[in-house]
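Working notes, structure below.
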Amino acid sequence: MKLGIIGCPGSGTSTVFEALTQTVLQVSGKSEMRVGTLRVPDARVDILSGMYHPRKTIYTQIEYLLPGKISAKKETGKDPSSWSQVRDCDAILHVVRNFIGTGGEVPRPLSDFQTTDQEMILSDLVAVEKRLERLENDKKRGKKTDMEEQLLLQQCLKHLENEIPLRKFSEITSAPVLRGFAFMSAKPVLVLFNNMDDDDVLPDIPSLTSKETCMVIKAKLEQELIQMSEEEAKEFLSEFNITASAMDRVIQQSYALLGLISFFTVGEDEVRAWTIQKGTSALDAAEVIHSDIKKGFIRAEILSYTDLIAAGTQAEARKRGTFRLEGKTYEVKDGDIINFRFNV
């Protein structure tokens, strides 16, 4: 999973990146793209590793991308090339300033959100217009065109011209014929209101908070955590009434936003977490591990994590009958421990 971090200048995107990736950026005059990869914390993996004592314990990973400077070039009508840095991200973390700025500048969270959102809409509008123009030219030359693609793009054009982001129309943008466009405004968005240290409340903007997935983050405060010892960090979190780090909360919200779940494979060699889309079949989950497992799929031996913990051991879980065999169409649940039976 890759998440792009964007926002207006001064919103605190770099500070958020540092807090989430637990790294400190080196100050330089260049505006470069930064990427930070970290493991997704999961207490279930820790417990399973303690039960099976594997040679390797592997967590799923999440990647945060902080692009270089992004600015929409509205005067030229061109797509700002710097958006390409985040086009392959699965979702967007949109950082919005909700603190007093330099020189006492009052925050304008709604205006700032709309500014960046409109830049993404403009970027998509340029791409759609160019593609429709090319399709029309091909048609005039007698070339065969994809009517489904043209129809869907015309629908996108209508929404974009009305300044509505394409994430509101996932039934259109999820069509296979449009997937290659990687529309910016179609990506799921988690709005991070970057608040003052003593402010835990979302801004009073129902027109935004009721329509988008939003949460509060105190980036500057969270950034200070990464420079503390574990003991100091615990006291710090307690003092500011923070129950979980920004990293944990953002990951949880991101998983929910993208509809992601985790299943596990266990054994003496390896305990591992795998991330899949909610609703994934056992057959497709097998392919996440290896294409040969899908090809030779026979059955999936399933034990839920909660049933294993209740039983205490795998042997006891078998005695209780909580192990079960499922076929190709079984919908994998969050926390399933799976052993795939296959033959190639």
- One residue from 335, 312, 327, 321 being on the phi > 0 side of the Ramachandran plot and touching a residue at least 12 places away in the same chain (Cβ under 8 Å): 335
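Kindly evaluate residue 289 against the criterion of being in contact (Cβ under 8 Å) with a residue 24 or more places away in the chain and under 21 Å from the mean Cα position of the chain (by Cα).
yes
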- Picking from 174, 210, which residue would you name as being within 23 Å of residue 147 (Cα to Cα), without any contact (Cβ under 8 Å) to a residue 24 or more places away in the chain and of a type outside the set (Asp, Glu)? 174
- Note on the structure: When every residue in the stretch 289-303 that is out of contact with any strand residue (DSSP E or B) (no Cβ under 6 Å at 6 or more places or on another chain) and surrounded by 12 or more Cβ atoms within 10 Å (Cβ to Cβ) is compared, the one nearest to residue 53 (Cα to Cα) is 289
- Lone unmet requirement of (1) in a helix (DSSP H, G or I); (2) over 24 Å from residue 110 (Cα atoms); (3) modelled with pLDDT under 90 for residue 31: (1)
- Name the single residue, out of those in the stretch 304-344 being within 31 Å of the chain's Cα centre (by Cα), among the acidic types (Asp, Glu) and within 23 Å of residue 43 (Cβ to Cβ), that is surrounded by the fewest Cβ atoms within 10 Å (Cβ to Cβ). 334
- Task: Give the residue that is surrounded by the most Cβ atoms within 10 Å (Cβ to Cβ), with candidates limited to residues of the stretch 106-160 that are over 22 Å from residue 171 (Cβ atoms) and aliphatic (A, V, I, L, M).
- Result: 122
- Would the stretch 103-117 turn up any residue that is at pLDDT 90 or above and more than 18 Å from residue 191 (Cβ to Cβ)? yes
- Task: Give the residues of the stretch 289-321 that are farther than 18 Å from residue 277 by Cα, among the β-branched types (Val, Ile, Thr) and at pLDDT 95 or above, sorted by residue number.
- Result: 293, 298, 306, 309
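The values are calculated or read from the model by the stated rules, or taken from the named source; none is laboratory data. Bear in mind that the values here come from a model prediction, so they are computed numbers and not experimental data. For neighbour counting, all protein chains shown are included, and Cβ atoms are generated from backbone atoms with ideal geometry for every residue, glycine included.
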